[in-house]
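Right, one structure below, let's go through it.
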Amino acid sequence: MLKHERLADWLEEIRSLCEPDSLVICNGSTEEYNQMMNLLLKSGAARKLNETKRPNSYLVRSDPADVARVESRTYICSESEGEAGPNNNWEDPETMKATLHGLFKGCMRGRVMYVIPFSMGPVGSPIAHIGVEITDSPYVVASMHIMTRVGEKVLENLGRDGEFVPCVHSVGIPLESEDEDSIWPCNPENLYVAHFPETKEIWSFGSGYGGNALLGKKCFALRIASAMAKEQGWLAEHMLILKLTNPEGTSRYIAGAFPSACGKTNLAMLIPTIPDWKVETVGDDICWMKFRPDGRLYAINPEAGFFGVAPGTGMESNPNAMRSLEKDCIFTNVAETDDGDVWWEGMGPAPAHLIDWKGNDWTPKSNEPAAHPNARFTVSAAQCPAIAEEWEELSGVPISAILFGGRRATVVPLVNEARDWVQGTFFGSIVSSEKTAAADGKIGELRRDPMAMLPFCGYNMADYWSHWINMGKKNKDFLPKIFYVNWFRKDGEGNFVWPGFGENSRVLKWIFDRIEGKASAIETPIGNLPSPNSIDLEGLNLSERDLDNLLKVEIDGWLEEIPLIRDYYSSYGNKVPKELENELNVLTEKLRRAKKVA
Ligand code: GTP
Ligand code: SPV
Ligand code: MN
């Protein structure tokens, strides 16, 4: 049996609390995966897709009330409210524990308690960490197989007393003997996604979907890991990692933070439209970074798979994603075609008839989308044709540039280079973005989402900014360059001005050449913008007017932004690092001067 005493004791504690019928320790095998999928087929939650068209793949439909992360029910339970900060919902740890114990008491009756030992990061990497998720959902077990490294190798690595993050999950619906199970059991009225950063524990109740339930992802790899990273001097970020190679064969690694459903997967898998440049994928959502003794910042992708947004993904926009999805996939809340394949908005022309994500008939005349806007695919990263050969390198890859971005129709230019790490941290801290369907709430509303971490920072955001500033102070020699990018500017008619997707390679090229000291830039009040003609626009049909729009310094727009940033900063009281306050003052001063001259 288990040689790790603390793990064994904890399993016993949770077993006696949740009262499952039985307990299974998962080994991560294909057989186990197939068993889980068979359970989902039997319950009606999953359908097997056409074996010829989409081998070994499944379509799962969740309950329509359980389709995205629920930020309003996500808690950081640190000792004091100040430590959690205004960026988080806070509850006193003891109070939350009492609530959770009430909810979890007997919650797995009639069900199996699965125990999933998993590693975030390649087993044995000095940047990796181990977790153990307890769950009563076969969908979660199957998804964790794809998204993390599961099994005996992890237990071996844990040994007798290794560190692990305990993660407890239940869909929150016990099955009494006479009950018939729901197809997708969940308990939205009593939903809690609770984190205890001091004791490094995660408890999640009532949802079976995505970031609420696959606890290795946002809960561990971002919220708990960000707290660990602060204590231990590293960075846990909501970032993609890509490898960019120029025509001469020189490669650089770039990380990029964009809010949920704002383009990380797409950028990570991009196929350049400029000749002889190459992008390969290291990660598409989460990035853990540590300084090594050589002074460079090294990154790993702690995940083993992609849980990507399906709508908008097509052969036009993201062929590498489409090719990753040809087999061995789980699709959740997409539409089903008459021949047993999948479809979603943005994949291509709509078929004349579909079964929509809720299981209803759908035709192009229907008023609602066929796939839920937050429909997702779950697939092993190894299946991506553009995966970089070093994506599982134990020591990680050295990062040369960090990008911050969001969805902004105005004000923020296509690309803007920070003069140094402090200004780069300032850029990250002021990112705002239009809300997407990845979380509950009003779509399109502009909100601050600093470093794309607003929903994922496991402690006070202002302390996190200080941590960023400190990381830069300690390691001055080879700091990555930082850029603020925006693919989402719109014209007066509401159309995107920049074509985006593969064309973003033009911006990546400029960034690469800035790292190499080749491309030129002009100093402006807001940062270093590309000088005229320094972005390669060869072969792109972009009008002079559009280019001006993309690269202009909107002095009035920025001046209007200043008081909003000031208000946002002051919501953190006096905790905002003085370096960032200073950046804001310098920016204000420069804008005022520029306005006078104009
Ligand atoms: P999470 O998995 O939620 O963290 O999201 P993500 O950041 O990986 O987002 P993803 O790449 O899946 O993009 C989500 C949406 O943004 C899709 O609908 C894309 O079509 C759209 N998108 C991505 N890149 C671009 C771009 O360069 N331009 C435009 N206009 N849209 C884009
Ligand atoms: C996000 O919302 O940023 C995601 C999807 O990557 S989820 O795993 O559901 O959080
Ligand atoms: Mn994400």
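Selection of first residues in region 258-277 that are touching a residue at least 24 places away in the same chain (Cβ under 8 Å) and near ligand 2 (Cβ under 9 Å from one of its atoms) and of second residues that are part of a helix (DSSP H, G or I) and not basic (Lys, Arg), restricted to Cβ pairs under 7 Å at least 6 apart or on distinct chains, gives the following pairs, ordered by first then second residue: Pro259/Ala452; Thr265/Ala321.
If you go through region 203-236 and keep only what is more than 14 Å from ligand 3 (Cβ to nearest atom), in contact (Cβ under 8 Å) with a residue 40 or more places away in the chain and part of a strand (DSSP E or B), you end up with Trp203, Phe205, Leu235. Here Met453 passes the criteria (1) closer than 18 Å to Tyr75 by Cα; (2) at pLDDT below 95 except the one numbered (2).
Which residue is nearest to ligand 2 (Cβ to nearest atom), if the candidates are limited to region 363-380 and must be farther than 16 Å from Gly312 by Cα and surrounded by fewer than 22 Cβ atoms within 10 Å (Cβ to Cβ)?
The initial filter retains those residues of region 363-380 that are farther than 16 Å from Gly312 by Cα, namely 363-367, 379-380.
Checking the rest, the ones that are also surrounded by fewer than 22 Cβ atoms within 10 Å (Cβ to Cβ) come to 363-367, 380.
On the way: Thr363: 29, Pro364: 28, Lys365: 31, Ser366: 26, Asn367: 26, Ser380: 16 Å.
Looking at the filtered set, the residue picked out is Ser380.
Checked against (1) within 16 Å of ligand 2 (Cβ to nearest atom); (2) surrounded by 23 or more Cβ atoms within 10 Å (Cβ to Cβ); (3) more than 24 Å from Lys290 (Cβ to Cβ), Ser170 passes all but a single condition, namely (1). Considering region 300-322, and only residues there that are in contact (Cβ under 8 Å) with a residue 40 or more places away in the chain and part of a helix (DSSP H, G or I), the residue that is surrounded by the fewest Cβ atoms within 10 Å (Cβ to Cβ) turns out to be Pro319. Out of Val576, Val507, Val485, Val597, one residue alone is modelled with pLDDT under 95 and among the β-branched types (Val, Ile, Thr). It is Val597. Scanning region 248-282 for residues that are in a strand (DSSP E or B) and either surrounded by fewer than 19 Cβ atoms within 10 Å (Cβ to Cβ) or within 11 Å of ligand 3 (Cβ to nearest atom) (or both) yields a total of 3. Just one of the listed residues (Ala84, Ala45) is touching a Lys or Arg at 6+ places or on another chain (Cβ under 8 Å), surrounded by 16 or more Cβ atoms within 10 Å (Cβ to Cβ) and among the hydrophobic types (A, V, I, L, M, F, W, C), and it is Ala45. Of the strands (runs of 3 or more DSSP E) contained entirely in region 363-446, those carrying at least 2 residues that are under 25 Å from Gly305 (Cα atoms) fall at 376-380, 397-405.
Evaluation of Lys290 against the conditions (1) assigned to a loop (DSSP other than H, G, I, E, B); (2) of a type in the set (D, E, K, R); (3) surrounded by fewer than 24 Cβ atoms within 10 Å (Cβ to Cβ) shows that the sole unmet condition is (1). Is it true that some residue in region 238-246 is within 12 Å of ligand 3 (Cβ to nearest atom), under 18 Å from the mean Cα position of the chain (by Cα) and on the phi > 0 side of the Ramachandran plot? Within region 238-246, none of the residues are within 12 Å of ligand 3 (Cβ to nearest atom), under 18 Å from the mean Cα position of the chain (by Cα) and on the phi > 0 side of the Ramachandran plot.
The values are calculated or read from the model by the stated rules, or taken from the named source; none is laboratory data. In this text the structure is predicted, and so the values were computed from the model without any measurement. Reconstructed Cβ throughout: ideal geometry from the backbone, glycine too, with neighbour counts over all protein chains shown.
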